[in-house]
1. Working only within segment 74-107, note down all residues that are charged (D, E, K, R), in a strand (DSSP E or B) and under 24 Å from residue 58 (Cβ atoms).
2. Kindly check whether there is at least one residue in segment 63-76 that is over 27 Å from residue 139 (Cβ atoms) and modelled with pLDDT of 95 or more.
3. Can you run down the residue pairs with Cβ atoms below 7 Å, 6 or more apart or on separate chains, where the first is in segment 123-140 and closer than 15 Å to residue 93 by Cα and the partner is surrounded by 12 or more Cβ atoms within 10 Å (Cβ to Cβ)?
4. Which of the residues that make up segment 55-82 are aromatic (Phe, Trp, Tyr), out of contact with any Cys (no Cβ under 9 Å at 6 or more places or on another chain) and within 16 Å of residue 116 (Cα to Cα)?
5. On the given criteria, is residue 136 of a type in the set (A, V, I, L, M), part of a helix (DSSP H, G or I) and more than 16 Å from the chain's Cα centre (by Cα)?
6. Name every residue in segment 46-66 that is part of a loop (DSSP other than H, G, I, E, B) and either among the hydroxyl-bearing types (Ser, Thr, Tyr) or more than 16 Å from the chain's Cα centre (by Cα) (or both), in order of residue number.
7. What's the total number of residues in segment 113-128 that are farther than 17 Å from residue 51 by Cα and either part of a loop (DSSP other than H, G, I, E, B) or touching a Leu at 6+ places or on another chain (Cβ under 6 Å) (or both)?
Amino acid sequence: MSDYTIRKAKESDFPFILEMIQELALFERAPEKVINTVEFMKEEKNLFGCLVVENSNSEIIGMAIYFYAYFTWVGKSLYLDDLYIKPDYRGKGLGSKLLDEIYKIAKDNNCKRLRWQVINWNTPAIRLYEKAGATIDNEWSNCDFDHEQIKNF
């Protein structure tokens, strides 16, 4: 891990972050669902936080995007929207290190819950999260409206 640095993302990182978002969407078999842009990220930068992992060449090779949420049962919470490590850098403990940093953010900000989702066929990610002590809940289902559905409602 000494060859890697985890830091808060800067606006100049947004193109690399968006590239990883697109890579993750491709991995999750839904590349057409990414409508985010660097311009959106710049306009909405106060709505999310992001940590990036850099290698010794200052190349961004991983990220964790999160935001604060309010869950009625518990109150202030942190939602980890995406955690991604580029394929060539997986298996080096970087995902665990990013999770550690997310835990610290949640703890330092007095969050009552840390939540994220994992696609049910991503076995390596599920193993990582279980190893970290996460409770995997298979009871709840997502309910989504996309941008067009919201406009047309």
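The values are calculated or read from the model by the stated rules, or taken from the named source; none is laboratory data. All figures in this text were calculated on a predicted structure; none of them were measured in a lab. Glycine gets a Cβ as well: all are built from the backbone with ideal geometry, and neighbour counts include every protein chain shown.
1. 82
2. Yes, that holds for at least one residue.
3. That search, which allows pairs on different chains as well, returns 125/118; 126/118; 128/95; 128/96; 129/118; 132/96; 132/99.
4. Of the residues in segment 55-82, the ones aromatic (Phe, Trp, Tyr) are 66-68, 70-71, 73, 79.
Okay, now just the ones that are also out of contact with any Cys (no Cβ under 9 Å at 6 or more places or on another chain), so 67, 70-71, 73, 79.
Once the filter is applied, which keeps residues that are aromatic (Phe, Trp, Tyr), out of contact with any Cys (no Cβ under 9 Å at 6 or more places or on another chain) and within 16 Å of residue 116 (Cα to Cα), segment 55-82 yields 67, 70, 71, 79.
5. Values: of a type in the set (A, V, I, L, M): yes; part of a helix (DSSP H, G or I): no; more than 16 Å from the chain's Cα centre (by Cα): yes.
No.
6. Just the residues of segment 46-66 that are part of a loop (DSSP other than H, G, I, E, B), to begin with: 48, 55-59.
Across segment 46-66, the qualifying residues are 55, 56, 57, 58, 59.
7. If we filter segment 113-128 for residues that are farther than 17 Å from residue 51 by Cα, which is where we start, we get 113, 117-128.
Going one step further and asking which of them are either part of a loop (DSSP other than H, G, I, E, B) or touching a Leu at 6+ places or on another chain (Cβ under 6 Å) (or both), we end up with 117-122.
Within segment 113-128, residues that are farther than 17 Å from residue 51 by Cα and either part of a loop (DSSP other than H, G, I, E, B) or touching a Leu at 6+ places or on another chain (Cβ under 6 Å) (or both) number 6.
So that you can scan it fast, the table gives a plain yes or no per residue for (1) hydrophobic (A, V, I, L, M, F, W, C); (2) more than 28 Å from residue 93 (Cβ to Cβ); (3) under 17 Å from the mean Cα position of the chain (by Cα); (4) exposed (fewer than 14 other Cβ atoms within 10 Å of the Cβ):
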position	(1), (2), (3), (4)
8	no, no, yes, yes
23	no, no, yes, no
26	yes, no, yes, yes
35	yes, yes, yes, yes
41	yes, no, yes, no
44	no, yes, yes, yes
68	no, no, yes, no
74	yes, yes, no, yes
